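Peer 1: Below is a structure I'd like to ask you about.
We did not get these values from a lab; they are worked out from the coordinates using the rules stated. Nothing here was measured: the structure is a model prediction, and the numbers come from that model. Methodologically, a virtual Cβ is constructed for each residue, glycine included, from the backbone with ideal geometry; neighbour enumeration extends over all protein chains shown.
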Amino acid sequence: MQEVSQLLKNEITDNLTIGKMAKINGVSEQALRLYARMKLLEPCEINAETGYRYYNIKQCAQLDMILYMKALGMNLTEIKESFNEGKVEKLQTILEKHKSAIEDQMQELEYKHGAISRALENFRRYEALPQEETIILEYQKERRFFTYDTEINLYSFGMEYYENILRRLKQNYLSHDLPESYFCNVGSILRKEFFIKNELWATEVIIFVDDSFESSENIETVPEAMYLSTYCNGYPKEEENLKKLMDYIATYDYEVTGDCISEILVEFPTFAHYDREALFKLQVPVKRL
């Protein structure tokens with residue numbers, strides 16, 4: 001025990017060089033110089049002849065507080081403000097602000113995690129798809145989506161118009177605080193009243209959202225149901241396959257029970273040309289007559 005005490009006594013004295021102060025606290029000398037310039041933690045003594053900086057061992061308490069505040073997410077300006085005021089209320093206000101920012105970041109990470117999970121699931125579905133344009137009956141769980149009505153029929157114009165629609169959609173959904181990560185899960189909706197009349201009339205674009213997304217404005221819920229679905233590659237095939245789906249329903253005596261959704265499952269990167277390349281899922285809820 002005496003040997004340990006002697007070792008500590010030899011290792012640490014009341015006044016420490018900047019190098020020793022940095023070493024025993026696990027920080028760099030550059031950090032200590034920065035704290036000194038900001039008047040956060042100034043040396044207790046500077047040798048007039050050599051310019052050497054010395055710190056008192058008791059100043060480690062102040063350095064510990066600086067490092068603690070940094071670990072909580074406070075920047076040096078905020079730490080200095082807190083030190084200057086010397087009031088708990090100031091520190092509490094700063095920490096409340098940081099707590100709120102962290103909660104927002106956690107929510108954004110949750111949205112990104114959900115978007116990545118959906119993308120990976122869609123890629124797995126893409127790899128296991130039946131032959132393109134095959135119509136299958138499958139169960140779909142309840143889902144939610146954000147809607148934006150363009151008031152113009154999406155099937156009356158080409159890709160240039162569609163890109164303009166997507167820009168308007170993006171501006172609109174960002175104003176509703178929807179995360180950017182949702183934008184690749186976009187689609188359109190052909191309402192039941194038009195589908196059952198075999199009319200390609202759709203003015204609404206949609207973006208699927210997570211169950212945890214807290215908003216009621218412009219959000220619709222699609223109930224669970226059995227769906228007739230078909231898959232197609234590329235925008236030019238969408239209308240053709242919608243008509244095939246309509247004909248299939250009439251031929252095999254199905255009753256349409258809800259709206260038809262055109263959903264982009266996978267959008268492929270485009271480098272050699274401007275046009276989008278995507279895998280569509282066309283789906284409509286049905287029951288047997």
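Peer 1: In the Gaussian network model of the chain, springs joining C-alpha atoms below 10 Å, which of Ser212, Ser82, Ser28 carries the largest mean-square fluctuation?
Peer 2: Result: Ser28 has the largest fluctuation of those listed.
Peer 1: Let me ask something additional. Take the alpha-carbon centre of region 192-231, take the same for region 45-66, and report the distance between them in whole Å.
Peer 2: A separation of 66 Å, based on Cα centres.
Peer 1: Continuing with this model, one more query. GNM, the chain, Cα, under 10 Å: largest mean-square fluctuation among Tyr248, Tyr35, Tyr139?
Peer 2: Result: Tyr35 has the largest fluctuation of those listed.
Peer 1: Can you pull the one-decimal nm distance between simple spin-label points at Lys192 and Ala250, each 7 Å off the Cα toward Cβ?
Peer 2: About 2.0 nm, to one decimal.
Peer 1: Counting Lys +1, Arg +1, Asp -1, Glu -1, what net charge surrounds Pro285 among other residues with beta carbon under 13 Å of its beta carbon?
Peer 2: Summing Lys and Arg as +1 and Asp and Glu as -1 gives +1.
Peer 1: If I build a Gaussian network model for the chain, linking alpha-carbon pairs within less than 10 angstrom, which residue out of Leu16, Leu109, Leu120 has the largest mean-square fluctuation?
Peer 2: Sorting by GNM fluctuation, first place goes to Leu16.
Peer 1: Which of the pairs Lys39/Lys112; Lys170/Lys281; Lys170/Lys287; Lys192/Lys237; Lys90/Lys170; Lys87/Lys112 have their Cα atoms more than 32 Å apart in this structure?
Peer 2: In this structure, Lys39/Lys112; Lys170/Lys287; Lys90/Lys170; Lys87/Lys112 exceed 32 Å between Cα atoms.
Peer 1: What angle do you read, to the nearest 10 degrees and between 0 and 90, between the alpha-carbon axis of helix 238-251 and the longest principal axis of the chain?
Peer 2: It works out to around 50 degrees.
Peer 1: Work out the P(r) tail for region 2-86: percent of alpha carbon pairs separated by more than 19 Å, whole number.
Peer 2: 41
Peer 1: Equivalent ellipsoid semi-axes for the chain, as square roots of 5 times the alpha carbon gyration tensor eigenvalues: give them largest first, rounded to whole Å.
Peer 2: So the three semi-axes of the chain are 65, 19, 18 Å.
Peer 1: Please compute the contact order of the chain in relative form: average sequence separation of alpha-carbon pairs under 8 Å and at least six residues apart, divided by the residue count, as a percent.
Peer 2: 16
Peer 1: Another question about this same structure. Counting other C-beta atoms within 10 Å, which of Phe194, Phe208 has the fewest, and how do the rest follow?
Peer 2: Fewest-to-most Cβ neighbours within 10 Å comes out as Phe194, Phe208.
Peer 1: Here's another thing I want to ask about it. Taking a spot 7 Å from the Cα of Glu138 along the direction of its beta carbon, which residues of region 191-235 have an amide N less than 20 Å from it?
Peer 2: The answer is 206-211, 222-235.
Peer 1: Given labels modelled 7 Å from the Cα in the Cβ direction, how far is it in nm from Phe157 to Glu96?
Peer 2: 4.7
Peer 1: Please report, in debye to the nearest 20, how large the charge dipole of the chain is about its Cα centre when each Lys and Arg carries +1 at its beta carbon and each Asp and Glu carries -1 there.
Peer 2: Roughly 1040 debye for the chain.
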